[in-house]
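The values are calculated or read from the model by the stated rules, or taken from the named source; none is laboratory data. Because the structure is predicted, anything quoted here is derived from the model rather than measured. Note that each Cβ is placed from the backbone with ideal geometry, even for glycine, and that neighbours are counted across all protein chains shown. Side chains are part of the model used for accessible areas, which takes the heavy atoms of the whole protein and leaves out ligands, DNA and RNA. Shrake-Rupley method; radii C 1.70, N 1.55, O 1.52, S 1.80 Å.
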Amino acid sequence: MSLKSIMRELKEMKEGIGSISKRGGESKVWRSRTRSHVAPDRAPTESESVEQSPWANLPPELLLDIIQRVEESETAWPARAIVVFCAAVCRSWREITKEIVQTPEQCGRLTFPISLKQPGPHESPIQCYIRRDRATSTYLLFYGLVPCKSSCQLCLYASIHQIGFIEAEGESDKLLLAARKVRRATCTDFVISLVADDFSRASYTYVGKLRQVFPKLSSSNYNIGTITYELNVLRTRGPRRMHCVLHSIPMSSIQEGGTAPTPLAFRQSFDEQLSPLISSKGKEPVTNPSSPTLPATPLHPLGSGEPLTLKNKAPRWHEQLQCWCLNFKGRVTVASVKNFQLVAAVEPSHNVSPEEQEKVILQFGKIGKDIFTMDYRYPLSAFQAFAICLSSFDTKPACE
């Protein structure tokens, strides 16, 4: 059978995969055009095992060759959905696909949802954009250069613990993450999910949250990072000054031979969900020493090194334009106080090369009304980068 024939059959299997949960008496994996759903993984019934046996019983060598050829030929979305279909055929296909598909750091591509919590590539950044909906206080992160008007349906395989698909309809680019802004009495939360219509912590689509707390108030959650905006007491002219302390990423990750943590699965316990925090007080992490249930300590274990700190790259004043400017390489076109570029904040003792010090790890900027670009690279993940960018949306008059 030729590769084209195999890929055609994999595409035709889409409807069959979607009917698995229907036969098991659970919700359909493929739902209406306005909804998205991720079905939990479960043991297949006897009838399902019989139906999938022709595919499951392929010789391992042949199966390995098939999936390798598919993975190498389909490098961009939406065609890369075929790699997802391979992982959804059965357990043996899934295990081999997981072994073949590399992390974003290794290949520069996003395939499974866990890729969103893995570090990006070292060289070329992963380019995304964010669409803000003021009416619903939601923010959608898409994988793509810029928004397009054409429409297509895309899907994303739901990792080791989930078997199903995430749909993004009405967009030509793949939906990666969605966030909803929730204002509370003492803080503002951005709840982050894999889909745009379910922000419940009880859902399998829940990823984490960004919490903005007011000065001198504490948080009872673990935090993997702290984002701080310096107060502009003297009201001097210039952009916001921000610092990001990433407790889950060691400073050694950007040193020669260093590595960044690479999770292989989503955490399933709500108590293990980690939340980046944001404050406008200063550069110290926001903690809560009095919390009776969750000690407010960084995720990064003690004794394993200093956490990585990011700072905004200093812009230059353009006399002719009468504004502060940064070289966004064409990815930002509208002046905004929200625009920023982040680089590593290093000291001579850190032994970080000059080239690494100048490398922009995350950049964010406006290109139109409620449309913003987000480009990130190693050692940040899409989830961490998205959370940092979300912090820029909240009004901070004292910091401007």
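A few comments on the model shown:
- About its Cα centre, the dipole of region 54-101 is roughly 200 debye, where the only charges are +1 on Lys and Arg Cβ and -1 on Asp and Glu Cβ.
- Simple label model, 7 Å out from Cα along Cβ direction - Ala202 to Leu321, nm: 5.0
- Dipole of region 54-101, positive end: most advanced residue of Leu58, Val70, Val89 [Cβ charges, Cα centre]: Val89
- Averaged over its residues, region 54-101 has an accessible area of 45 Å² per residue, based on protein heavy atoms and a 1.4 Å probe.
- Length gained when the stretch Val337-Glu95 is fully extended (0.36 nm per residue, less Cα-Cα span): 82.5 nm
- Using C-alpha pairs under 8 Å with a sequence gap of at least 6, the mean separation divided by the residue count of region 54-101 gives a relative contact order of 40 percent.
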